[in-house]
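*Asks:* Structure provided below as structure tokens; questions to follow.
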Amino acid sequence: MAWKLFSRKKPSGFDKNLKAARDAGGGETLPVQDTRAAIEELSQVVKNDPEAVEIYLALGSLYRSQGEIERAIQIRNSLIVRPGLEREFKARALFELGRDFRRGGFLDRAEKAFQEARSYGQDPSVIHHEMARLAAERGAYELAAESYGQLGLPLPQAHYLVRLAMDFFEEGGDSQAHRALRHAIRAYPGAVEAWLEQLNRSYMAGNARKVADIMRDALNQVAPELRFVLLEGLTQTLNKAKRELGQPLGDDSPWTKVCSDEAIAEALLPVLQGQEPDVLLLSYGAMFMLRVGDIENAKIWLEKALVLRPSFWLARLELFELSKDDQTLTPFYKEQLSFFMSRAREVRRFYCGRCGLKRDQIFFNCPRCRSWHSIAFRTDFSQ
Ligand SMILES: [Zn+2]
């Protein structure tokens, strides 16, 4: 009977209702002119009643969250210029205005608004926090790190020390860069990005022994659920080196001295083996084995990973791929299989444990909800 669903006629009023709904528009699709008038009217209605001002400020923040920065700014401004507005509300409105500007990318104006908010009595620690974030967005990583340190937030402090180190590396200031990385780890020993940068640099310097030593320390210091980031990040650097080495390189290229895959596998695998059995460490270990053609041991490690977590799709997929050629399949079957396997490889493997955002690249600060170190591996399709 399912065909009836498709052959069923649309109700006769359908098109008319659709047009009426479109014409009415609703709040979101009101022309800008009308919205401005509405905001103006709302601003007249809202007196110094604390609750109403709160609602008004919340309305502006709602616009900001929708990316409608201009409207948000308009709301703050109409509050700020109101004669007789209590200082507390003026401070709040200026503060929110600063955040609107920052969101809109007007960083200088954001800074000015925050300074004004402070002069009207807005909580200095809240302003300090915003200023730290502004510095980070400007690329002033040293200042950002210092500010987060003063705020007693070692994780973002360490993160921006790493960004500072990356800038130093870019400019050839290797010793300053390494100092910044050590500083990051001292500030926050679980700074997975700092350990990863140290791993990458030792790999690029051709020192496999050091890669192994850093990995051993890092696996002990980083939160267990974030350890995969070290292996994923290093793998991405190995892949990048492979791409770079496939092209003609200049004498000053940072990729000319990298370790061989064999040296990395030889140094790293004993470190992974020395850890408590873990589904992701085993799987990444197997991937390093596959890079050097050690298929038999890779299969053993993948099977161990599946014993720990039978639903771990990626280990299953790799094992399947490795045994594909042992099977006798019809051409039709082979074609279907390779279709599904290539689709499965496109699955975004990482997600934010806080807001659920899915990504195929590692991140340290969630691009959507701004949580720190909330990345997780999708070991299960339900995640
Ligand atoms: Zn998130």
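The values are calculated or read from the model by the stated rules, or taken from the named source; none is laboratory data. Being a predicted model, the structure only gives us computed values, none of them experimental. Counting neighbours? That spans all protein chains shown, and the Cβs are built from the backbone with ideal geometry, glycine included.
*Asks:* What's the number of the only condition in (1) of a type in the set (A, V, I, L, M, F, W, C); (2) farther than 30 Å from Asp252 by Cα; (3) surrounded by fewer than 20 Cβ atoms within 10 Å (Cβ to Cβ) that Ala117 fails to meet?
*Replies:* Of everything listed in (1) of a type in the set (A, V, I, L, M, F, W, C); (2) farther than 30 Å from Asp252 by Cα; (3) surrounded by fewer than 20 Cβ atoms within 10 Å (Cβ to Cβ), Ala117 misses just condition (3).
*Asks:* Any residue in region 207-231 that is over 17 Å from Leu282 (Cα atoms) sitting within a Cβ distance under 7 Å of a residue that is polar (S, T, N, Q)? List the pairs, counting only those 6 or more apart or interchain.
*Replies:* Sorted first by the residue in region 207-231, then by its partner, the pairs are Lys210/Ser202; Val211/Ser202; Ile214/Gln198; Ile214/Ser202.
*Asks:* Turning to a different aspect of this structure: Among the residues that make up region 200-209, is at least one of them more than 20 Å from Trp255 (Cα to Cα) and at pLDDT 95 or above?
*Replies:* Step one: filter region 200-209 for residues more than 20 Å from Trp255 (Cα to Cα), giving none.
Scanning region 200-209 turns up no residue that is more than 20 Å from Trp255 (Cα to Cα) and at pLDDT 95 or above.
*Asks:* Restricting attention to region 309-322, which residues are touching a residue at least 24 places away in the same chain (Cβ under 8 Å) and loosely packed, with under 15 Cβ neighbours inside 10 Å? Let's see the steps before the verdict.
*Replies:* From region 309-322, those touching a residue at least 24 places away in the same chain (Cβ under 8 Å) are 309, 311-315, 317-318, 322; that's our starting set.
Once the filter is applied, which keeps residues that are touching a residue at least 24 places away in the same chain (Cβ under 8 Å) and loosely packed, with under 15 Cβ neighbours inside 10 Å, region 309-322 yields only Ser311.
*Asks:* When you go through Ala177, Ala194, Ala212 one by one, which is the residue that is under 26 Å from Cys352 (Cα atoms), of a type outside the set (Lys, Arg) and part of a helix (DSSP H, G or I)?
*Replies:* Within the list Ala177, Ala194, Ala212, the selection yields Ala194.
*Asks:* Residue under question is Glu111, and the condition is that it be crowded, with 19+ Cβ neighbours inside 10 Å, among the acidic types (Asp, Glu) and not assigned by TED's automatic domain parsing to the domain that holds Arg370; does it hold? Walk me through it before giving the result.
*Replies:* Working: crowded, with 19+ Cβ neighbours inside 10 Å: no; among the acidic types (Asp, Glu): yes; not assigned by TED's automatic domain parsing to the domain that holds Arg370: yes.
No.
*Asks:* Would you please name the residue that is farthest from the chain's Cα centre (by Cα), looking only at residues in region 68-125 that are among the acidic types (Asp, Glu) and within 30 Å of Gln150 (Cα to Cα)? Outline the logic, then answer.
*Replies:* Here is the first cut: in region 68-125, the residues among the acidic types (Asp, Glu) are 68, 70, 86, 88, 96, 100, 108, 111, 116, 123.
Checking which are within 30 Å of Gln150 (Cα to Cα) leaves us with 88, 96, 100, 108, 111, 116, 123.
Working: Glu88: 35, Glu96: 25, Asp100: 22, Asp108: 25, Glu111: 25, Glu116: 32, Asp123: 29 Å.
Ranking the candidates gives Glu88 first.
*Asks:* Go through region 344-364 and report how many residues are within 12 Å of the ligand (Cβ to nearest atom), among the charged types (D, E, K, R) and in contact with a strand residue (DSSP E or B) (Cβ under 6 Å, 6 or more places away or on another chain).
*Replies:* Taking region 344-364 first, the residues within 12 Å of the ligand (Cβ to nearest atom) are 350-359, 363-364.
Now drop any that are not among the charged types (D, E, K, R), which leaves 354, 358-359.
Among the residues that remain, those that are also in contact with a strand residue (DSSP E or B) (Cβ under 6 Å, 6 or more places away or on another chain) are: 358-359.
Residues that pass the stated criteria total 2.
*Asks:* All but one of (1) surrounded by fewer than 20 Cβ atoms within 10 Å (Cβ to Cβ); (2) in contact with a Ser or Thr (Cβ under 6 Å, 6 or more places away or on another chain); (3) not charged (D, E, K, R) hold for Ala132; state the number of the condition that does not hold.
*Replies:* Single failed check for Ala132: (1).
*Asks:* Which residue pairs have Cβ atoms closer than 6 Å, lie 6 or more positions apart in sequence or on different chains, and pair a first residue in region 354-381 that is under 22 Å from Leu153 (Cβ atoms) with a second residue that is more than 9 Å from the ligand (Cβ to nearest atom) and among the acidic types (Asp, Glu)?
*Replies:* Sorted first by the residue in region 354-381, then by its partner, the pairs are Ile362/Glu232; Phe364/Glu193.
*Asks:* Counting just the residues of region 365-375 that are more than 7 Å from the ligand (Cβ to nearest atom) and closer than 18 Å to Ala194 by Cα, which one comes out surrounded by the most Cβ atoms within 10 Å (Cβ to Cβ)?
*Replies:* Ile375
*Asks:* So which residues in region 326-364 are over 30 Å from Ala194 (Cα atoms) and polar (S, T, N, Q), if there are any at all?
*Replies:* Taking region 326-364 first, the residues over 30 Å from Ala194 (Cα atoms) are 326-344.
Residues satisfying the conditions are Gln327, Thr328, Thr330, Gln336, Ser338, Ser342.
*Asks:* Provide a single number: the residues in region 53-67 that are under 26 Å from the mean Cα position of the chain (by Cα) and more than 18 Å from Phe114 (Cα to Cα).
*Replies:* Number of matching residues: 5.
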